[in-house]
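Asks: Below you'll find the structure I mean.
The values are calculated or read from the model by the stated rules, or taken from the named source; none is laboratory data. Computed from a prediction, not measured in an experiment: that's the story for all the values here. In case anyone asks, the SASA skips ligands and DNA or RNA and just uses the protein heavy atoms, side chains included. Shrake-Rupley method; radii C 1.70, N 1.55, O 1.52, S 1.80 Å.
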Amino acid sequence: MDYHGKPYYSLDAWCKNTYGEKLYKIALDAGLTCPNRDGTLDSRGCIFCSAGGSGEFAAGRLPGAEPVDGPFSIREQLEAGKKLLEKKKTGRRYIAYFQAYTNTYGPVDYLASIYRQALMEPDIAGISIATRPDCLGTEIMRLFASLKQDFPDKFIWIELGLQTIHEETALFIRRGYPLSCFTEAMEALHKADIPVIVHVILGLPGETEEMLLQTIRFLNRCGIFGIKLQLLHILENTDLAVLYRAGKVPVLSMDAYLSYLQKCIAALSPDIVIHRVTGDGPKNILIAPSWSSNKRNVLNTLHQRMKLSSIRQGQCYESGTFDSLQIDCALYVGQGHFSPDHSPDQ
């Protein structure tokens, strides 16, 4: 497997191995909401989620983007994104990334329309849909099957915001679903032959290094296609910001984050594509950590340290699978890794 000079299997390497060129991702805002915000589960969202539902970098919202024809026109957002990428473009195709809020949480006819708008564009190689495992009902799965049939030459990825396997942390961050929901969604997506990318946050309150590595080892056994390793950001107008300003939530230093990150990468299966190893929260709402705003420096330092330490993805990988994700989940619960009635001090 060609990592193209990096010590881990990046999305860029996967694109070059698969398509022979770089694919640029265009973030989209489809005008949807989330059951954790509309009152179905809660009205506050996860404690770290911004008012924009992580969609601040959607093409139609970025400075310099042309006004879109209607607030949520997918086609116009794609065109705006392409224009913004013209100067640094080295490839000919793109990934349409449905990013803001929960992108399977809406009327199925509308969802079918926005997905098809993107897939019909000749230079869109495929779509990546950020959602929750509790928003993947039977009708949605049927829609995915229909899209796969109608667009056999394009990929459909699902991104699930797991963040952690530990129930006590999940309760604290108000994730809104148990781990069993995630494993059930994974089973359904596997059966539908739909690749899954899982989001994991490093530096969650109350989580130790070992807890983080337990999440990585669990995901190794889930057959995921990709992973996003994301630094915990403190953003304005979030409940996490209130806790941070009250001195109740610490943030990782750059050294600590890179240490965690290297251990996660070393423990990760060498076949899993790493779609992200850091993040750059919107500077106008980023409170902490300030060092994260220099994404290039974080990446360069990570690569330098991994090279000096001879660390590569998978070198600490513990192979082995279970016959069922449900069995895997039950095993972790049985080992006492979860304590649903406990949450970190607030």
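Asks: Could you run the Karplus curve 6.51 cos²θ - 1.76 cosθ + 1.60 with θ = phi - 60° over segment 184-194 and give me ³J(HN,Hα) per residue in whole Hz, x for Gly and Pro?
Replies: 5, 5, 4, 4, 5, 5, 4, 4, 7, 6, 10
Asks: Please give the Cα centre distance for segment 259-325 versus segment 16-39, rounded to the nearest Å.
Replies: Measuring centre to centre over Cα atoms gives 20 Å.
Asks: Next question. With θ taken as phi - 60° and the coefficients 6.51, -1.76 and 1.60, list the Karplus ³J(HN,Hα) couplings across segment 39-44 in order, rounded to whole Hz; mark glycine and proline as x.
Replies: Karplus-based 3J(HN,Hα) across segment 39-44 equals x, 5, 10, 6, 10, 9 Hz.
Asks: Something else now. Would you mind working out the accessible area per residue for the chain, using a 1.4 Å probe, and quoting it in Å²?
Replies: Per residue, the chain has an accessible area of 44 Å².
Asks: Right, something else. For Ala288, list long-range residues whose amide hydrogen, built 1.01 Å from N in the peptide plane, is under 5 Å from its own amide hydrogen.
Replies: Here the answer is Ile234, since their amide H atoms fall under 5 Å of that of Ala288.
Asks: Let me ask something else about it. Using DSSP, restrict attention to beta bridges with both residues in the chain and report what percent are antiparallel, rounded to the nearest 5.
Replies: 5 percent
Asks: Between Ser10 and residues 5 or more places away or on another chain, which pairs have amide H atoms under 5 Å apart, with H built 1.01 Å from N, and which residues are they?
Replies: Ile274
Asks: With Kirkwood's inverse mean 1/r over C-alpha pairs for Rh, give me the Rg to Rh ratio of segment 90-143, two decimals please.
Replies: 1.00
Asks: P(r) tail for segment 258-313, what percent of Cα pairs lie past 14 Å?
Replies: Here the long-distance tail beyond 14 Å is 58 percent of all Cα pairs in segment 258-313.
Asks: Calculate what fraction, in whole %, of the accessible area of the chain sits on carbon and sulfur atoms when a 1.4 Å probe is rolled over the protein chains.
Replies: 49 percent
Asks: What's log10 of I(q)/I(0) for segment 11-309 at q = 0.07, 0.11 Å⁻¹, Debye sum over Cα points only, no solvent?
Replies: Log-scaled intensity ratios, in q order: -0.25, -0.66.
Asks: So what is the 222 nm mean residue ellipticity for the chain from helices alone, if each DSSP H run of at least 4 adds -39500 (n - 2.57) and you divide by all residues, rounding to the nearest 500 deg cm²/dmol?
Replies: -10500 deg cm²/dmol
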